[in-house]
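Chemist: The structure under discussion is supplied below as structure tokens; questions concerning it will follow.
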Amino acid sequence: MAERCVTVSLDARDVHCRARLLDDAAPLTCAAVWNALPLSGDVYHAKYARNEIYALFPPFASTEPPLENPTVTPIPGDLCYFSFAGTELATTSYGYDREVAPGTTLVDLALFYERNNLLLNGDVGWVPGIVWGQVVEGLPEMARACNDLWRGGAEGERLTFRRA
């Protein structure tokens with residue numbers, strides 16, 4: 001199979017990076033994401049994991065991928081996939097209480113842009129993610145934009161994943 005890549009963008013900031021899909025390590029997750037592209041949603045900056053931005057989507061795979069190529073310590077440039085039940089996110093501490101209802105499932109597609117990340121949540125414990133891509137171009141520019149997002153706010157910004 002030829003190498004597949006995606007472009008990850010912060011649309012309002014007009015910043016993009018390119019990531020290679022890790023088809024050998026996470027084939028089911030890569031297939032699910034690839035077949036669903038393009039995907040775009042409101043961006044959030046992580047509260048617990050540290051140097052992470054992400055968007056939430058309704059489930060898009062016919063079945064959720066298994067925990068392939070898992071990590072709890074993502075490195076800069078990792079793209080991760082998480083699946084959450086609405087009850088896991090429907091508390092005011094997460095800030096989605098107006099958007100996420102119990103009984104729903106959400107997919108979280110995330111980009112980690114700096115080091116020293118730990119997927120440990122005080123409410124539920126370890127939260128392993130599936131590493132399905134690795135940024136190969138544009139990470140320094142994206143990291144600067146992510147830091148600006150952290151300091152300046154995410155309102156009006158969208159995170160988009162599309163085929164490169």
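The values are calculated or read from the model by the stated rules, or taken from the named source; none is laboratory data. If you're wondering where the values come from, they're calculated on a predicted model, not measured in any experiment. Don't worry about glycine lacking a Cβ; one is built from the backbone with ideal geometry, like all the others, and counts go over all protein chains shown. Keep in mind that these areas ignore ligands, DNA and RNA; they rest on the heavy atoms of the full protein, side chains included. Shrake-Rupley method; radii C 1.70, N 1.55, O 1.52, S 1.80 Å.
Chemist: Which of Asp24, Asp11, Asp78 moves most in a GNM of the chain, Cα contacts under 10 Å?
Modeler: Of Asp24, Asp11, Asp78, the most mobile in the Gaussian network model is Asp24.
Chemist: List the equivalent ellipsoid semi-axes of region 1-93 in whole Å, largest first, each obtained as the square root of 5λ for an eigenvalue λ of the Cα gyration tensor.
Modeler: Working: eigenvalues 88, 64, 41 Å².
After scaling each eigenvalue by five and taking roots: 21, 18, 14 Å.
Chemist: Once you mark the trypsin sites (Lys or Arg not before Pro) that are in a DSSP loop and have at most 12 other Cβ atoms within 10 Å, what is the longest gap between them in the chain? Can you show the working numbers first?
Modeler: Values: sites that count: Lys47, Arg98, Arg115.
It works out to 48-97.
Chemist: Quick one: if you stick a label point 7 Å off each Cα along the C-beta vector at Val72 and Ala25, how many nm between them?
Modeler: If labels sit at Val72 and Ala25, their model points lie 1.8 nm apart.
Chemist: Looking at region 1-94, which GluC sites (Glu not before Pro) are DSSP coil and have at most 14 other C-beta atoms within 10 Å of their C-beta?
Modeler: Details: sites: Glu3, Glu52, Glu68, Glu88; in loops: Glu3, Glu68.
Sparse-neighbourhood loop GluC sites (Glu not before Pro): Glu3.
Chemist: Something else: Need one number: nm distance between label points at Leu120 and Trp34, each 7 Å from Cα along Cα→Cβ, rounded to one decimal.
Modeler: 3.6 nm
Chemist: What is the percent carbon and sulfur in the accessible area of the chain, measuring with a 1.4 Å probe over the protein chains and ignoring ligands?
Modeler: Carbon and sulfur atoms account for 51 percent of the accessible area of the chain.
Chemist: Continuing with the same structure: Among Thr63, Thr73, Thr105, which one moves the most in a GNM of the chain with springs linking Cα atoms closer than 10 Å?
Modeler: Comparing Thr63, Thr73, Thr105 in a Gaussian network model of the chain, the most mobile one is Thr63.
Chemist: Counting only DSSP beta bridges with both residues in the chain, what percent are antiparallel, rounded to the nearest 5? Numbers along the way, then the final one.
Modeler: Values: 42 of 42 bridges.
If we restrict to bridges inside the chain, about 100 percent are antiparallel.
Chemist: If you don't mind, another one. For Val15, what residues show an amide H to amide H distance below 5 Å, using hydrogens built from the backbone and excluding near sequence neighbours?
Modeler: For Val15, whose amide H was placed from the backbone, the distant partners under 5 Å are Leu10.
Chemist: Also: Rolling a 1.4 angstrom probe over the protein heavy atoms, how many square angstrom per residue are accessible across region 1-94? Mind dumping the intermediate values first?
Modeler: Details: 4370 Å² over 94 residues.
Result: 46 Å² per residue.
Chemist: Relative contact order for the chain: what is it in percent, counting Cα pairs under 8 Å that are at least 6 residues apart? Don't jump to the answer; show the numbers that get you there.
Modeler: On the way: 362 pairs, mean separation 64.0, N = 164.
Reported relative contact order: 39 percent.
Chemist: Please list 3J(HN,Hα) in residue order for region 141-148, calculated via the Karplus relation 6.51 cos²θ - 1.76 cosθ + 1.60 where θ = phi - 60°; whole Hz, with x for glycine and proline.
Modeler: Per residue, the Karplus-derived 3J(HN,Hα) values read 5, 5, 4, 4, 5, 5, 5, 5 Hz.
Chemist: Taking mean projected area of the Cα convex hull in nm² straight from the coordinates, which label in (i) 9.6; (ii) 8.9; (iii) 11.8 is the correct one?
Modeler: (ii)
Chemist: For a quick check, take a GNM of the chain with Cα springs below 10 Å and name the residue from Ala19, Ala145, Ala110 with the largest mean-square fluctuation.
Modeler: For the chain, modelled as a Gaussian network with Cα springs under 10 Å, the answer is Ala145.
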